[in-house]
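A.B. asks: My structure is below; once you've seen it, I'll send some questions.
Readers should treat all values here as calculations from the given coordinates under stated rules, not as data from a laboratory. Since this is a predicted model, take the numbers as computed values, not measurements. Cβ placement follows ideal geometry from the backbone for every residue including glycine, while neighbour counts extend to all protein chains displayed.
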Amino acid sequence: MERAVITGLLALAMGVLLFWVGWNHWRYRRQETINILEGVVLNFTGEEPLPPTKLDWFLKYLQALLGFVFGSFFTLLGAVIILNELEML
């Protein structure tokens with residue numbers, strides 16, 4: 001019983017985390033952002049970041065969509081595992 005509940009809690013936590021990531025990507029999808037490593041390299045070299053391409057914009061939308069889909073899936077999976085183990089389903 002313990003192992004199934006722990007698995008359910010991990011799936012639930014992963015689902016909430018992925019949904020939160022999807023939400024943040026969706027919320028800031030129209031802003032030009034750079035990651036930390038790119039920022040450090042650009043700071044060190046003194047260069048300006050390149051303008052985002054159509055692929056960059058597509059990947060922002062894709063990351064948000066995948067965060068919502070997988071977040072919902074893992075949240076539902078975790079809830080089903082926990083409720084099944086507690087014999088509430």
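A.B. asks: At 222 nm, what value in deg cm²/dmol follows for the chain if DSSP H runs of at least 4 each add -39500 (n - 2.57) and the sum is divided by all its residues, to the nearest 500?
C.D. replies: Details: 3 runs with 68 residues, N = 89.
Calculated at 222 nm, the ellipticity per residue is -27000 deg cm²/dmol.
A.B. asks: If you don't mind, another one. Counting only complete DSSP H runs, which helices of the chain cover 15 Å or more along their long axis at the Cα atoms and score a mean Kyte-Doolittle of 1.0 or above?
C.D. replies: 54-85
A.B. asks: With only Lys, Arg, Asp and Glu charged, each at its Cβ (+1 for the first two, -1 for the last two), find how big the charge dipole of the chain is about the Cα centre; round to the nearest 20 debye.
C.D. replies: 260 debye
A.B. asks: Something else: Tell me which of F73, F58, G39 sits at the most positive position along the dipole axis of the stretch 2-80, charges placed on C-beta atoms (Lys, Arg +1; Asp, Glu -1).
C.D. replies: F73
A.B. asks: In whole Å, what are the Cα extents of the chain along the three principal axes, biggest one first?
C.D. replies: 59, 25, 16
A.B. asks: In the chain, which trypsin sites (Lys or Arg not before Pro) fall in coil by DSSP and have 15 or fewer other Cβ atoms within 10 Å?
C.D. replies: Passing both the DSSP loop test and the Cβ count: R29, R30.
A.B. asks: Connecting C-alpha atoms closer than 10 Å in a GNM of the chain, tell me which of L65, L42, L77 has the biggest fluctuation.
C.D. replies: Taking springs between Cα atoms under 10 Å, the residue moving most is L42.
A.B. asks: Still on this structure: Using DSSP to define loop residues, name the chymotrypsin sites (Phe, Trp or Tyr not before Pro) in the stretch 12-89 whose beta-carbon has at most 14 other beta-carbon atoms within 10 Å.
C.D. replies: Values: sites: F19, W20, W23, W26, Y28, F44, W57, F58, Y61, F68, F70, F73, F74; in loops: Y28.
Here the chymotrypsin sites (Phe, Trp or Tyr not before Pro) that fit, given the DSSP loop and packing criteria, are Y28.
A.B. asks: So which residue, out of G71, G15, G39, gets the largest mean-square fluctuation from a GNM of the chain using Cα contacts under 10 Å as springs?
C.D. replies: It is G39.
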